[in-house]
1. Could you work out the relative contact order of the range 161-254? I mean the mean sequence separation of Cα pairs under 8 Å and 6+ apart, divided by the number of residues, in percent.
2. Report the relative contact order of the range 72-142, percent, no decimals, based on alpha-carbon pairs under 8 angstrom and at least 6 residues apart.
3. With charges only on Cβ, +1 for K and R and -1 for D and E, what is the dipole size of the range 41-157 about its Cα centre, in debye, rounded to 20?
4. Taking every pair of alpha-carbon atoms in the range 227-322, give the share separated by more than 22 Å as a whole percent.
5. Quick one: how many Å² of ASP151 are accessible to a 1.4 Å probe, rounded to 10?
6. How about the range 219-279: which trypsin sites (Lys or Arg not before Pro) there lie in a loop by DSSP and see at most 16 other Cβ atoms within 10 Å?
7. Calculated FRET efficiency, SER296 and ASP33, Cβ-Cβ r, R0 51 Å, to nearest 0.05?
8. Top to bottom by accessible area (1.4 Å), largest first, where do MET92, MET257 land?
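The values are calculated or read from the model by the stated rules, or taken from the named source; none is laboratory data. If you're wondering where the values come from, they're calculated on a predicted model, not measured in any experiment. Note that we place each Cβ from the backbone using ideal geometry, even for glycine, and neighbour counts take in every protein chain shown. These accessible areas exclude ligands, DNA and RNA; they are computed on the full protein's heavy atoms, side chains included. Shrake-Rupley method; radii C 1.70, N 1.55, O 1.52, S 1.80 Å.
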Amino acid sequence: MNKTIKFIIFFIAIFAISFFIPNFTKAATPVTDESSLLSAISSVGDGETITLQNNITVTAPIVIQKQVTIDGNGYTITGSSDWTSTSGNQTMFTAQLAAGKLTLKNINLQNGPKYGVQSYDGATVILNNVSITGFKYGGVLANGGNVEVIDLHLGYNGTGANNGIEIAKGASATNNPTLTMNGTLTSDSTENVVRVAENDSLTEFTITNTPDTTNKIVLTDDKVVLTDQYNNVIAETAVPDKVTGTAGDKKVIVTVMVNEQEIKFTANEGTKIDADLVKSHIVLEDNEQIDGFYTSADYTTEFNFNDPLNADTTIYAKISTVEATVPEEETKPEVEEKDETPKTGIENYLGLAVLAIIFSSIVMISMKKKNIKG
């Protein structure tokens, strides 16, 4: 074989090997139980994916200090009732320090002695199509780390009170926590969906909402608030006095009282709203109308929409019932009924014959009178 051809074949082989080997190393690593899950986390390289092939029960916390994705493939990881760990960290999954970046997707986490997942001191946790329920301390802990929500559902987490996402900072953490909303956040409870912890270490935190996020997490003077895409308030939780949060434009909560119903939405602090915006949040019955907006329940002072909103504000909508009007039926003029019996040719001829007989009789009688006289 010609040396040139051999060289070309050798070069192509080396190129093919160098092209395909990286793809093999990035392939998803399948796991079926706790042992294979721990082994996969230990062996995979940065940026690789671990894929569940079965429901798994774990008996101790799992700490990650690399960049890894765990694709649950729709399966569930459950904390065992025979939890064996005695360390201070009892969270099911912890991404730890700046090197730790854990992406959970297509997975359900349920039951555990503390939290479902936490980002600790500079680490990042990304939650995409994740459901978390049944953890005694809370669902998610941003513990001096970064949490990004793409698609997260929270069941009931906490003992005594629900605790969905907790923003906190442990005593040994050096970074401030951040929370990014980049999609959808739903919860079975509206209590403490997002909660800012009160401890000596936490003084600052940051919340970011991406431009296309469905749900938003915003701040008022003293609350952290979860809203829907129309700025309606889903949940609100008080922020401790000594903690300062940053979240873009500061918001105020507008509460609209409609009869016995309470409707809440957010608006930018220092801006004006108008009646049309308030009306857009109210759903009326077919026989109801809005007669005006007032500052109190006795409807004595109209609300001034020319004043900017500098604090949480309550507006009272005066609603009245509209009597349904039934239109009067129009009186139609009486129409003389027509004889629509069809006429036949026989009836016409019969009339003519009768006339002819009468006429002939008159003529004959006249002639007889003349003959008598003659």
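1. Normalised by residue count, the contact order of the range 161-254 is 29 percent.
2. Dividing the mean separation by the residue count of the range 72-142 yields 34 percent.
3. The calculation lands at about 180 debye.
4. Details: 1465 of 4560 pairs.
Tail fraction, whole percent: 32.
5. 60 Å²
6. Qualifying residues, ordered by number: LYS242, LYS250, LYS272.
7. Calculated value: 0.20.
8. MET257, MET92
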